Amino acid sequence: MAEIKNVVKFTSLDFALDMIKNKYIYLSSPLKFNDPLDSYFITFLLKRPSIETEAMLKEYINIAEKKFIFCGTTNSNVENVLMWSHYGDFHRGIALNYKVPHKLVGSLKAVNYDPHNHEGFMEVIGKGNPFKIPKKNHKEKEKLVLESTFVKDREWSYEKEIRYLINFEKHESKIEYGWEVESLYLGSEYLDNDNENLEKIIEILDFSREHTIKVFPMEYSFNQREKRFQLKKKELMQDENMLEDENYLRIRRDIINELKDRMEDSIYGEVIKKIAKDVALKETKAEISRQLIPLQMKTLK
């Protein structure tokens with residue numbers, strides 16, 4: 001198997017700048033994953049413990065509780081529409097292309113997309129009979145739990161997932177430093193973000209420009225041969241003589257122009273609201289006056 005040199009992480013903009021600046025990844029418990037059968041040794045042991053087997057499977061449970069995973073994908077998968085839809089905040093988010101550190105303390109492997117075979121798990125729990133639980137040493141138990149974390153059903157194969165697994169104690173932070181972002185990709189709908197997130201993108205651009213991290217916006221372009229739109233990485237710099245940082249400046253200008261348009265629309269909208277309010281107030285006053293005139297005339301008589 002070829003050495004894995006890069007891992008791409010699709011994410012929202014919430015903590016993206018901090019992850020880029022401080023060069024770290026965040027690892028999650030499989031209990032938080034969106035597939036109930038994901039890492040089935042862990043999920044079955046921790047979500048569905050039976051009274052009969054819990055005490056006898058205590059060592060398995062202790063092993064499972066320590067497993068935390070960073071989920072990424074291959075660099076070739078940045079043009080996958082489903083990845084942006086499911087994990088890139090509906091194309092408004094970002095994809096970070098991490099360089100894999102030379103020294104790893106955990107296991108880094110591509111996920112195997114085969115139908116689940118849970119027979120091994122059923123054997124471990126004695127197929128429901130706690131008196132038939134087979135005896136295994138700690139190394140064998142660790143291997144069974146570990147192997148289950150790198151298997152998923154074929155329905156998920158579009159993810160081309162790469163996983164990095166580490167053991168953490170309960171009191172430890174689920175973060176590992178030393179992961180440098182080499183390049184990043186902005187979702188095709190990044191201009192649809194709210195003002196706060198657009199300002200975050202500007203900060204990311206400025207930091208990337210300063211630290212020579214390449215930035216590519218995604219866009220839908222029409223494929224003449226296939227007669228359909230496809231999601232592609234936009235190569236901004238066409239001319240070799242063009243300054244490298246023109247790429248960052250173009251995206252930055254687009255965001256600033258979007259923010260200016262919103263400000264103008266907002267100001268114009270507020271003016272319209274004020275005019276409408278003043279007109280309504282004048283009409284109300286006029287109506288009150290019309291109603292008061294007959295009363296005043298009666299009083300004068």
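Just so it is clear, none of the values below were taken in a lab; they were calculated from the coordinates. Keep in mind that this is a model prediction, so the values were computed, not measured. Neighbour counts are summed over all protein chains in view; Cβ atoms, including those assigned to glycine, are modelled from backbone coordinates with ideal geometry.
On the basis of the beta-carbon distance and an R0 of 35 Å, L82 and I267 show a calculated FRET efficiency of 0.35.
Report the net charge of residues surrounding R252, where surrounding means a beta-carbon distance below 12 angstrom and charges are Lys +1, Arg +1, Asp -1, Glu -1.
Working: positive: R209, R250, R253; negative: E199, E203, D206, D245, E246, D254, E258.
Around R252, the surrounding residues sum to -4.
Based on the convex hull around the alpha carbon atoms, segment 1-157 presents an average projected area of 10.6 nm². Distance between the pseudo-spin-label points of F222 and N167 (7 Å out from Cα toward the beta carbon): 5.8 nm.
Dipole magnitude for segment 28-160: about 460 debye, using +1 per Lys or Arg Cβ and -1 per Asp or Glu Cβ, origin at the Cα centre. Taking θ = phi - 60°, what integer Hz values does the Karplus form 6.51 cos²θ - 1.76 cosθ + 1.60 yield along segment 205-213, in sequence order, with x for Gly and Pro? Result, ordered by residue: 4, 4, 5, 5, 4, 5, 10, 6, 8 Hz. Taking label positions 7 Å along the Cα-Cβ direction at both I4 and L37, the computed distance is 2.2 nm, reported to one decimal.
What order do you get for F222, F44 when you list them from fewest to most C-beta neighbours inside 10 Å? Walk me through the intermediate numbers first.
Working: F222 9, F44 21.
Starting with the residue having the fewest Cβ neighbours, the order is F222, F44.
Centre-to-centre, using Cα atoms only, segment 62-103 and segment 1-47 are separated by 6 Å.
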